Amino acid sequence: MKFEKNILGIGAGYVGGPSMAMIACKCPAYKVTVVDIDPLRIAAWNSDDLPIYEPGLDAIIAATRGKNLFFSTDIEASIRENDIIFVNVNTPVKMFGVGAGMAADLQYWEKTARQILQHSRSSKIVIEKSTFPVKTALAMERILSNNKTIRFDVLSNPEFLSEGNAVNNMENPDRVLIGFRETENGIKARDILVEIYANWVPRERIIGSNIWSSELSKLVSNAFLAQRISSINAISALCEKTDADINEVAMIVGMDSRVGNKFLSVSVGFGGSCFKKDILNLVYLCRHYNLNEVADYWEGVIKINQYQQERFISNILNAMFNTITGKKICLLGFAFKADTGDTRESPAIFIARRLLEEQAEIVVSDPKALKNARADLAGVVGKVSYTEDPYEAVKDCHAIAVLTEWAIYRDLDFHKIYETMTKPAFIFDGRNILDHKRLFKIGFNVYPIGKPPLVHF
Ligand SMILES: NC(=O)c1ccc[n+]([C@@H]2O[C@H](COP(=O)([O-])OP(=O)(O)OC[C@H]3O[C@@H](n4cnc5c(N)ncnc54)[C@H](O)[C@@H]3O)[C@@H](O)[C@H]2O)c1
C-alpha cells in the first residue's frame, strides 16, 4: 500500500509511543514507524504487554499496529525511508561535568542528530518533540547543515501531554505548538506539520511561534504547573500550624476566576520525570545568563517540593511517638500520580527510603507500578515487601501512608482494613483523598495534609 506520508518517531518512551500511535490512529493514510535503541522496549510495544500503562492506549495500539503503525529497532533504514522525523528521545538531567545536576543531558539528542545526518539520503523535516533547552534547534541545525546536498528543516513541537491522561490530552489538546523559522522553507515545513495535526485538531488550536519561544514555553509551562503545586503545598504547612483547612483555602482561592481552580490539590509533593528536570534546566539557563534572582525564584519551587516530602516524614514520626523502628507501614500507591505505572521522581521513592532509614518495615502496594517500584528500591537496606492487593498490604500494619491518588483507594472497605491493622492504627493521607471524618469514626488516627489531624488521644 502506498501511504500519503511516511513519518518516523525516534524514541519509543512515554511520549514517543503514545504520540506516534495517536498520529497513526488519526491519520490512516500515513505510515508511522517508531524506533528505539532499546530492543526490549520495541519488543514490548510489539507484544500484548505494552511497556507503559496509559488508559485507552491499548485500544489505539490494537487498532493501528501492523496496519499503519510499526515498531522497529532498525534506526538507519527508518531514517532513510522517512522524510518527517519526530525526535522523542529522553533529555534527563546531566549527572556529570559542567552543569551536573541541573543542565539537560543532550547526549541522546545529539546522537540522534548525528544519526539523521549520517543516514539521510533525501531532505527531511526534523521535529523536536522532546523538551529541550532554548537554542537546541540551532545546535541541531548546525549539526545537520554539515550535509550540503540535503535540506533539513528543524521545527520545535513540544509535547504537553500529562501522563495518566495522555490519550485524552493528545486527542483534545489545549494547543499544539509549532516553533518554526520565518523563512520560505521554515514556513513550508510548518505547514506540513500543521497538515498532520489538522487531521484531528481544530486549526485555531494549532499555533505557531518562533522556535525559541516554543522551546522556552515548554519549560515555562511545566515550571508554572509545578509552581502551583509548591504554592499550595507551602500554604498547607501554614494551615497545619494555624488549624486552617487547606482544602477550604484552595477552594476559596480557586474560585477567583483570575486564579482558577485547577491544579490546586495539596499533596506529598510532585514527581514525574519532567517537572523537576525542566525547572532545573530553567534555573541553569537563568544562571547561564546571570539572572540569579530569577534562578533563585524558580529553584524555590523545587525546594518547597523537597520540604513537603520531608514534612510528611516528620509528621509520621511525630505522630507515631517519635519512633517507627520495627513498625510496619503500608504505602498505598507508588506511582508519581494516578493512572500511570511511571514512578520516575515519585515522592514515594523518597518516602520509602526515609522510612527504611528509620528502620520501619514497609509494604508497597500499587495497581500498576509494582514492577517499577521493585526496580526503584532494588538494593536498599531494610525490610520491603510488595503486593498489589491493598487488603493484603495493610495486614498487621501500624500505619498507612497514601502516596498516590488512585480512585480505588477512596472506595476501600476501611472497616475491614481497621480490623486487620495493629492498634493504634494511623493513616497519613498524602493526597487528601479519603473521607477523614469517617476514618476517625472507625477508629483511625487520621493525619491529612494541611488540615488538623483527627486523633483519639
Ligand atoms: N513523560 C512525559 O510525561 C513527558 C511529557 C512531555 C514531554 N516530555 C519530554 O519528552 C522527552 C521524552 O520523554 P519520555 O518520558 O518519553 O522519555 P523515555 O525515557 O520514556 O523515552 C525516551 C526513549 O528514547 C530512547 N532513545 C534514546 N536515545 C535514542 C536514540 N539515539 N535513538 C533511538 N532511541 C533513543 C530511549 O531508549 C527511550 O526509550 C523528554 O524530553 C521529556 O522531557 C515527557
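The values are calculated or read from the model by the stated rules, or taken from the named source; none is laboratory data. Just so it is clear, the model here is predicted, and its values are computed rather than measured. Positions of Cβ are backbone-derived with ideal geometry, glycine not excepted, and every protein chain shown enters the neighbour counts.
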(request) For residue 196, indicate whether it is more than 23 Å from residue 63 (Cβ to Cβ) and either within 16 Å of the ligand (Cβ to nearest atom) or at pLDDT 95 or above (or both). (result) no
(request) Quick one: in region 38-56, of everything that is of a type outside the set (Phe, Trp, Tyr), within 13 Å of the ligand (Cβ to nearest atom) and closer than 12 Å to residue 340 by Cα, which residue is surrounded by the fewest Cβ atoms within 10 Å (Cβ to Cβ)? (result) 51
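Quick one: is residue 230 more than 16 Å from the ligand (Cβ to nearest atom), at pLDDT 95 or above and within 19 Å of the chain's Cα centre (by Cα)?
Yes: the conditions hold for residue 230.
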(message) residue 348 - would you say it is more than 19 Å from the chain's Cα centre (by Cα), within 23 Å of residue 163 (Cα to Cα), touching a residue at least 40 places away in the same chain (Cβ under 8 Å) and buried (at least 22 other Cβ atoms within 10 Å of the Cβ)?
(response) no
(request) Answer yes or no as to whether residue 451 is exposed (fewer than 13 other Cβ atoms within 10 Å of the Cβ), modelled with pLDDT of 95 or more and assigned by TED's automatic domain parsing to the domain that holds residue 373. (result) no
(request) Tell me, yes or no, whether region 325-334 has at least one residue that is assigned by TED's automatic domain parsing to the domain that holds residue 381, surrounded by fewer than 18 Cβ atoms within 10 Å (Cβ to Cβ) and either at pLDDT 95 or above or closer than 20 Å to residue 448 by Cβ (or both). (result) yes
(message) The conditions are (1) at pLDDT 95 or above; (2) under 30 Å from residue 339 (Cα atoms); (3) surrounded by fewer than 21 Cβ atoms within 10 Å (Cβ to Cβ), and residue 166 fails exactly one of them. Which is it?
(response) (3)
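Results for (1) of a type in the set (Val, Ile, Thr); (2) in contact with a helix residue (DSSP H, G or I) (Cβ under 7 Å, 6 or more places away or on another chain); (3) within 24 Å of residue 169 (Cβ to Cβ), shown as yes or no for each residue.
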{"position": "28", "(1), (2), (3)": "no, no, yes"}
{"position": "47", "(1), (2), (3)": "no, no, no"}
{"position": "57", "(1), (2), (3)": "no, yes, yes"}
{"position": "63", "(1), (2), (3)": "no, yes, yes"}
{"position": "66", "(1), (2), (3)": "no, no, no"}
{"position": "69", "(1), (2), (3)": "no, yes, yes"}
{"position": "72", "(1), (2), (3)": "no, yes, no"}
{"position": "95", "(1), (2), (3)": "no, no, no"}
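Which of the residues that make up region 244-297 are more than 30 Å from residue 427 (Cα to Cα) and either crowded, with 22+ Cβ neighbours inside 10 Å or outside the structural domain of residue 432 (by TED's automatic domain parsing) (or both)? Show your work before the answer.
First pass over region 244-297, keeping only residues more than 30 Å from residue 427 (Cα to Cα): 256-260, 277-297.
Scanning region 244-297 gives 277, 278, 279, 281, 282, 283.
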(message) For region 66-116, give me each residue that is surrounded by fewer than 20 Cβ atoms within 10 Å (Cβ to Cβ), within 15 Å of the ligand (Cβ to nearest atom) and of a type in the set (Val, Ile, Thr).
(response) 73, 75, 93
(request) Inspect all residues belonging to region 172-186 and state whether any of them is of a type outside the set (Lys, Arg), touching a residue at least 60 places away in the same chain (Cβ under 8 Å) and buried (at least 16 other Cβ atoms within 10 Å of the Cβ). (result) no
(request) Working carefully through the options 407, 375, 360, find the one that is buried (at least 19 other Cβ atoms within 10 Å of the Cβ), in the same structural domain as residue 305 (by TED's automatic domain parsing) and either touching a residue at least 24 places away in the same chain (Cβ under 8 Å) or under 30 Å from residue 49 (Cα atoms) (or both). (result) 360
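Being over 17 Å from the mean Cα position of the chain (by Cα) and either assigned to a strand (DSSP E or B) or surrounded by fewer than 24 Cβ atoms within 10 Å (Cβ to Cβ) (or both) is the filter here, so list the residues in region 1-20 that pass it.
Result: 1, 2, 3, 4, 5, 6, 7, 8, 9, 10.
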(request) Search region 129-142 for residues that are not assigned by TED's automatic domain parsing to the domain that holds residue 23 and pair each with any residue that is surrounded by fewer than 21 Cβ atoms within 10 Å (Cβ to Cβ) and at pLDDT below 90 when their beta-carbon atoms are under 9 Å apart and the residues are at least 6 apart or on different chains. (result) none
(request) Enumerate the pairs (first residue in region 88-109 and free of Cβ contacts under 8 Å to residues at least 12 places away in the same chain; second residue anywhere and basic (Lys, Arg) and within 15 Å of the ligand (Cβ to nearest atom)) with beta-carbon separation below 8 Å, excluding pairs fewer than 6 apart on the same chain, so at least 6 apart or on different chains. (result) 100/94
